[in-house]
Amino acid sequence: MNIVYNRIHICPVETCMELLSGKWKPRILWKLHQRGVVRFGELKRGLPEITAKMLTQQLRELEQDGLIVRQVYAEVPPKVEYSLSDFGKTLKPVLDTLARWGTENHGDIVRILEQQGHEHEKAA
């Protein structure tokens, strides 16, 4: 069994963040949670700022971590679909709670981000 020990922490939150952290992984998981089974192109259109290379990398990591399933169909051109694995589906309540928090605090979040954007512009 190949274990990467530097990804394992005493704190369970830190350990789970090893699987969930980053700019794109939570967004990809949310799209799969919302839509169920999704093809690569659909994900790319739903996340227009991500490059195809980065999306591929993030999907591979999520698959390696057991959070998503990649289904390849023997067709020409190849058809590949992604969905949450059974393990990934255990994140549904977490994603729903995050969405609810974001909705309830949207105004404050936007205000903070706008303020940070203005501070960044002044520094530049």
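Just a few scattered comments:
- Condition met for residue 66 (under 15 Å from the mean Cα position of the chain (by Cα), surrounded by 10 or more Cβ atoms within 10 Å (Cβ to Cβ), in a helix (DSSP H, G or I) and among the small types (Gly, Ala, Ser)): no
- Residue in the stretch 96-118 that is surrounded by 15 or more Cβ atoms within 10 Å (Cβ to Cβ) and closer than 29 Å to residue 7 by Cα present: no
- Matching residues, the stretch 75-95, being surrounded by fewer than 12 Cβ atoms within 10 Å (Cβ to Cβ) and either touching a Pro at 6+ places or on another chain (Cβ under 6 Å) or modelled with pLDDT of 95 or more (or both): 86, 90, 93
- The set of residues from the stretch 47-63 being surrounded by 16 or more Cβ atoms within 10 Å (Cβ to Cβ), part of a helix (DSSP H, G or I) and of a type in the set (A, V, I, L, M, F, W, C) comprises 55, 59, 62.
- Residue 36 vs. criteria modelled with pLDDT of 95 or more and closer than 17 Å to residue 18 by Cα: no
- Only one of the listed residues (38, 72) is surrounded by fewer than 10 Cβ atoms within 10 Å (Cβ to Cβ) and free of Cβ contacts under 8 Å to residues at least 60 places away in the same chain. That residue is 72.
- A search for C-beta distances below 7 Å between a residue of the stretch 15-30 that is under 22 Å from residue 44 (Cβ atoms) and at pLDDT 90 or above and any residue that is assigned to a loop (DSSP other than H, G, I, E, B) and basic (Lys, Arg), counting only pairs 6+ apart in sequence or on different chains, returns nothing.
The values are calculated or read from the model by the stated rules, or taken from the named source; none is laboratory data. From a predicted model like this one, the values you see are computed outputs, not experimental measurements. Glycine also receives a Cβ, built like all others from the backbone with ideal geometry; neighbour counts cover every protein chain displayed.
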